[in-house]
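One structure is given below, encoded as structure tokens.
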Amino acid sequence: MAAISVEPCTFALFGALGDLALRKLFPALYQLDRAGLLHADTRLLALAREPGSADDHLATIESQLRRFVPDADIEPAVLERFVQRLTYLHLDFVQPEGYTTLAQHVAEGLPLIAYFATAAAVYGAICENLDKAGLAGRTRVVLEKPIGHDLESSRRVNDAVARFFPESRVYRIDHYLGKETVQNLIALRFANSLFETQWNQNSISHVEITVAEKVGIEGRWGYFDKAGQLRDMIQNHLLQLLCLIAMDPPSDLSADSIRDEKVKVLKALAPITGDGLSTRVVRGQYIAGYSDGKPVPGYLEEDNANAQSDAETFVALRADIRNWRWSGVPFYLRTGKRMPQKLSQIVIHFKETPHYIFAPEQRLQVGNKLIIRLQPDEGISLRVMTKEQGLDKGMHLRSGPLQLNFSDTWRSARIPDAYERLLLEVMRGNQNLFVRKDEIEYAWTWCDQLIAGWKNAGDAPKPYAAGSWGPMSSIALITRDGRAWYGDI
């Protein structure tokens, strides 16, 4: 069934009873098994600090699989095979003693994949203990982001990992890079001269990247209040999307060729300082409002909230790239919690034709847009202008889509979850969907200057009602350039 050859391995999941592992990682591994993409000799080790019966913990994993995998995808034979691959080991991650037992469960001669679904603070200790157990030489380590909370702390974590693992065996996860539509950005841009010849400041007016969430904190207060939306979303997800949109063509599809081009974009980002902190950046914090017609509390009213918190739950900003391709083309980034809808999309706005010959009242419609949707439904749509049909319509224009909706176009094919693709690429030893150390550092450098600017200016987040598109000043941010956020209602 599988068209891709994957070598056998031992897959060790640190933090196996955590939310990420139960909700995303085990279901992704199950789907790979169901698709025939796990080698028959691949074994799965569930590692966690919780003591107790291994059978009880394995039963928990199985019950959570049934919860998070759609009923239609649960196949008894596959589920039984998958559970047979699993072994639970109680392990204190920072103590070396238990790693001897771990080593005994790693198949001789096969690579070990160590996935750290843990706090970044223990990455270094896990790597050191893997080395002491004689496992480091054949291990690939997978690091969940965010890595650190600023440049200095990210360097500490990455340096601790680098003591034992070369960059070629470090896989830093950003799950957005595993989405089907994000992968299609590479094909869309570089396999179609129709787009790549127009992909520059001569043809593109501006670019929007929006990642909106309907939910609030959902019990993540302890983590989120220390991070805020800039660290949580802009620093990794949105800057990675910006890089894929803005990068120059790589020389080939190798991991380092792609990542070299992304680094060039990050290095070319203009810092936002001085007056730009008030005109090019907006930070907000949601107050009580309505979601789906139901009242919801404000950020400071959430469970366990610190009523004095100034953490931002919304950021909108204008980013400028100082190079020849994008000179004068603004990139508007926006992300927030308690938005009206769950939405992740990129909108490429093409410039208008130099001379307009149609009815003046229709001019506001004019402008081709390429809309790349990441969620809720993945797909690509190109908005073009055509004439309305009918004898009485004259030359009346309408804007309509030429679109590719993945779920509609390939009805018989299931769209893989991002983690499925990423886990598969780790098993294949392919790093091109993962983030290199210098990418992390340049992204943090750019974000750190924003955070320092806010702190020095004493800038407090502006309130916005839950269920809205953020503070009014986020609308002003784009309208002062004569533009508007696409699709806001």
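So the values come out like this:
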read-out	value
Values of log10 I(q)/I(0), in the order q = 0.11 Å⁻¹, for the chain under a Debye, Cα-only, solvent-free model	-1.01
ASP252-GLU352 pseudo-label distance in nm [points 7 Å out on the Cα-to-Cβ vector]	4.6
Burial ranking of peptide ranges 169-177, 449-457, 127-135, 81-89 (average Cβ count within 10 Å, highest at the top)	169-177, 127-135, 81-89, 449-457
In the stretch 293-332, the trypsin sites (Lys or Arg not before Pro) that fall in loop regions by DSSP, at most 12 other Cβ within 10 Å	ARG322
Value of relative contact order over the chain, rounded to a whole percent, pairs C-alpha under 8 Å and six or more apart	18
Within straight-line cross-link reach of LYS351, lysines at Cα separation under 22 Å, skipping those fewer than 8 residues along the same chain	LYS369, LYS387
Added length on full extension, which subtracts the Cα-Cα distance from 0.36 nm per residue, GLU167 to ALA227	19.0 nm
Efficiency of FRET from Cβ geometry, SER63 and ASN192, R₀ 60 Å, rounded to 0.05	0.85
Distance (nanometres) between label positions extended 7 Å along Cα→Cβ at HIS90 and ASP55	1.6
Over the chain: helical MRE at 222 nm, DSSP H runs n ≥ 4 each giving -39500 (n - 2.57), nearest 500	-9500 deg cm²/dmol
Anchor LYS132: aspartates and glutamates whose Cα lies under 15 Å away (excluding residues fewer than 8 positions away in-chain)	ASP92, GLU97
Inter-label distance, nm, simple model (7 Å from Cα along the C-beta direction), ALA465/ARG138	6.2
Beta bridges per DSSP with both ends in the chain, % antiparallel, nearest 5	55
Set of aspartates and glutamates near LYS342 by C-alpha distance (under 12 Å), chain-local residues within fewer than 8 positions excluded	GLU213, ASP292, ASP377
Estimated translational D of the stretch 58-166 in µm²/s (Stokes, Kirkwood radius over Cα pairs; 4 °C; 1.567 mPa s)	81
Highest average packing first - 91-102, 110-121, Cβ atoms within 10 Å	110-121, 91-102
Packing-based ranking, highest mean first, of 277-288, 45-56 given that Cβ atoms within 10 Å are counted	277-288, 45-56
Rounded to whole Å, sorted largest first: equivalent-ellipsoid semi-axes of the stretch 2-98, Cα gyration tensor	23, 16, 11
Rounded to the nearest 20 debye, dipole of the chain from Cβ charges on Lys, Arg, Asp, Glu	1180
Accessible surface, per residue, of the chain when the full set of protein chains is kept, probe 1.4 Å, Å²	45
Cα Rg, Dmax, the stretch 417-487, angstrom units	18.9, 48
C-alpha center-to-center spacing [the stretch 413-454, the stretch 117-131] in angstrom	19
Carbon and sulfur %, accessible surface of the stretch 78-213 computed with the full protein complex present, 1.4 Å	48
Rg(Cα)/(2.2 N^0.38 Å) for the stretch 24-67, N = residue count	1.26
Over 21 Å (Cα to Cα) - which of LYS214/LYS462; LYS145/LYS337; LYS179/LYS262; LYS24/LYS294 fall in this group	LYS24/LYS294
Fully extended contour minus Cα-Cα distance, from GLU80 to ASP150, at 0.36 nm per residue	20.8 nm
Förster radius 41 Å - calculated FRET efficiency between LYS294 and GLN449 (Cβ-Cβ, nearest 0.05)	0.55
Shape box of the stretch 149-273 [Cα atoms, principal axes, largest first, Å]	47, 40, 34
Rg to Rh quotient for the stretch 232-362, alpha carbon positions, Kirkwood Rh	1.07
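The values are calculated or read from the model by the stated rules, or taken from the named source; none is laboratory data. Bear in mind the structure is a predicted one, so any value in this text is a computation, not a measurement. With ideal geometry, Cβ positions are generated from the backbone for all residues, glycine too; neighbour counts draw on all protein chains shown. These accessible areas exclude ligands, DNA and RNA; they are computed on the full protein's heavy atoms, side chains included. Shrake-Rupley method; radii C 1.70, N 1.55, O 1.52, S 1.80 Å.
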